[in-house]
1. Just to be sure, is Ala90 more than 17 Å from Gly149 (Cα to Cα), modelled with pLDDT of 90 or more and buried (at least 20 other Cβ atoms within 10 Å of the Cβ)?
2. Please go through the range 1-37 and give me each residue that is of a type in the set (A, V, I, L, M, F, W, C) and within 27 Å of Phe128 (Cα to Cα), ordered by number.
3. List every residue pair whose Cβ atoms lie under 8 Å apart, where the two residues are 6 or more positions apart in sequence or sit on different chains, the first residue falls within the range 199-213 and is within 17 Å of Leu151 (Cβ to Cβ) and touching a residue at least 24 places away in the same chain (Cβ under 8 Å), and the second residue, located anywhere, is basic (Lys, Arg) and part of a helix (DSSP H, G or I).
4. Given the structure, is Gln130 out of contact with any Gly (no Cβ under 6 Å at 6 or more places or on another chain) and within 14 Å of Ala17 (Cα to Cα)?
5. Tell me the residue from Ser45, Ser28 that is in contact with a helix residue (DSSP H, G or I) (Cβ under 9 Å, 6 or more places away or on another chain), polar (S, T, N, Q) and under 20 Å from Phe86 (Cα atoms), please.
6. For the range 38-50, which residues satisfy the criterion of being without any contact (Cβ under 8 Å) to a residue 24 or more places away in the chain and either among the small types (Gly, Ala, Ser) or over 21 Å from Leu134 (Cα atoms) (or both)?
7. Considering only residues that are touching a residue at least 40 places away in the same chain (Cβ under 8 Å) and surrounded by 14 or more Cβ atoms within 10 Å (Cβ to Cβ), which ones fall in the range 24-37?
8. Which one is farthest from Arg23 (Cα to Cα) among residues in the range 158-191 that are without any contact (Cβ under 8 Å) to a residue 24 or more places away in the chain and of a type in the set (A, V, I, L, M)?
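The values are calculated or read from the model by the stated rules, or taken from the named source; none is laboratory data. Fair warning: this is a prediction, and the values are worked out from it, not measured in the lab. Cβ coordinates were reconstructed from backbone atoms using ideal geometry, including for glycine residues, and neighbour counts include every protein chain displayed.
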Amino acid sequence: MSWSEFLDKYQGPLIDAAWTTLRLAFVSFGIALVVGIIVVSFRVSPIPPLVRVATWFVAFFRNTPLLVVFFLALFGLGDLGLVYDFFPTAAVALGLYTGAYMAEVLRSGINAVPQGQAEAGRSIGLGFIQLMRLIVIPQAVRTVIGPIGNLFVANFKNTAVASTISVLELTGQSQRMFNDAAAGVWRVLIVITAIYLLFLFPAGYVFRWLDARFSIKR
């Protein structure tokens, strides 16, 4: 099979798989951002039960393999009668997993915010939620744009694990293509790798630009 024949045969499936990968990467990362902000707010809150819940959440997901998290989401929820399609299950599982790391990244950013900023907010009558939303979290995010970009890249690559629960993203599509001997294993690997690089190189550039443009240097 020549390269032109290979592309003619697999162009459509590859485009569909790439689109699935993109959607999964962005949806799960959006979930991770929300989860990370909520968890880190619990982690630094003055309420001990919330601190313990956040600490447990981070410890659980950081010490559990991602593949196990996917299987727990798929089969564990299924045993409880909560059955969802493969894509939303993968997006939530990956979002929770990355969210634990996001919480730790944001916590390092919060620790870098000068204490005087929080004291100034409290002095004008801001409550804890207002203080976090208006003063602390915005500064924390700008402090850790670079690490957030690293998490985005890691999250994007982790979408490959979704193939284990029948989500037909790029890695899942490549596994199907391996069954076609005429396609050639190396040709498949080259194309799939090139597609990942096509997405991730620009993403790295964007986050470097955001870091240079908006980051708060401490």
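1. Against the criterion (more than 17 Å from Gly149 (Cα to Cα), modelled with pLDDT of 90 or more and buried (at least 20 other Cβ atoms within 10 Å of the Cβ)), Ala90 qualifies.
2. Once the filter is applied, which keeps residues that are of a type in the set (A, V, I, L, M, F, W, C) and within 27 Å of Phe128 (Cα to Cα), the range 1-37 yields Phe29, Ile31, Ala32, Leu33, Val34, Val35, Ile37.
3. Hits for this filter: Leu200/Lys157.
4. Answer is no for this residue.
5. Among Ser45, Ser28, only Ser28 is in contact with a helix residue (DSSP H, G or I) (Cβ under 9 Å, 6 or more places away or on another chain), polar (S, T, N, Q) and under 20 Å from Phe86 (Cα atoms).
6. The answer is Pro48, Pro49.
7. Leu24, Ala25, Val27, Ser28, Phe29, Ile31, Ala32, Leu33, Val35, Gly36, Ile37
8. Ala181
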